[in-house]
1. For the chain, report the accessible area per residue in Å² (1.4 Å probe, heavy atoms, rounded to an integer).
2. Within the stretch 17-36, which residues have the backbone N less than 19 Å from the label spot 7 Å out from Glu154 along Cα→beta-carbon, could you tell me?
3. Spin-label point model (7 Å from Cα, Cβ direction): what's the Leu140 to His41 distance in nm?
4. Among Thr57, Phe147, Phe72, whose Cα lies farthest out toward the positive end of the dipole of the chain, if unit charges sit on the beta carbon of Lys, Arg (+1) and Asp, Glu (-1)?
5. Sequence gap at least 6, Cα distance under 8 Å: using those rules, report the relative contact order of the chain to the nearest whole percent.
6. For His130 and Asp21, what does the FRET efficiency come to when R0 = 45 Å and r is the distance between their Cβ atoms, rounded to the nearest 0.05?
7. Can you give the Rg/Rh ratio of the stretch 50-163, where Rg is from the C-alpha atoms and Rh is the Kirkwood radius?
8. Between Glu28 and Phe72, how high is the FRET efficiency from 1/(1 + (r/R0)^6) when r is the Cβ-Cβ distance and R₀ = 41 Å? Nearest 0.05.
Amino acid sequence: MSRPYELDDTDRRIINLLVKDAKLPYSEIARQLHVSGGTIHVRMTRLEELGIVRGATLDLDLQKVGYGIEAFLGIFLLKSSYCDGVIAKLRDIPEVVSVHFTTGSYNLFARLACRNTQHLRNVLHDQVQHIEGVERTETLISLEEVFSRPVQLEEAPAAAVAG
């Protein structure tokens, strides 16, 4: 098994800038980091090839595009052997925007985006709860997202200067 890629400070600084604004041009990143645009391009290509950077996403205000309900769904499976099949079926439901394996009470934990409570009910009742292997679900409706932020990678501490 190969060792994981070690990010250096330049990689971390590039990632931190792009996490704040994924539309930031490579030339602007290069200017801010005092390196060439080619350096940024090479670094980003390597980070993408290694799967560290998996692309850029658009952050939508779901309320403004008609998806006023965000819910979290704890999923209990009949047996853990159903897990892969349940995940495959959840992947086919557009309103399911993320799924996590979890510890604790639930086998899986999902986040759903729906237009309204009737839409959420239909997704749960007509789709999720009909998936083979799903024993039951527990739904938590988000009243408001207080904040959401990406992870900022820590830069290595500056080396102590011998004196």
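The values are calculated or read from the model by the stated rules, or taken from the named source; none is laboratory data. These figures come from a predicted structure and were not determined experimentally. Counting neighbours? That spans all protein chains shown, and the Cβs are built from the backbone with ideal geometry, glycine included. In case anyone asks, the SASA skips ligands and DNA or RNA and just uses the protein heavy atoms, side chains included. Shrake-Rupley method; radii C 1.70, N 1.55, O 1.52, S 1.80 Å.
1. That works out to 72 Å² per residue.
2. 17
3. Roughly 4.6 nm, to one decimal.
4. Highest projection toward the positive end goes to Thr57.
5. Answer for the chain is 27 percent.
6. 0.65
7. My calculation puts Rg/Rh at 1.13.
8. After rounding, the FRET efficiency stands at 0.65.
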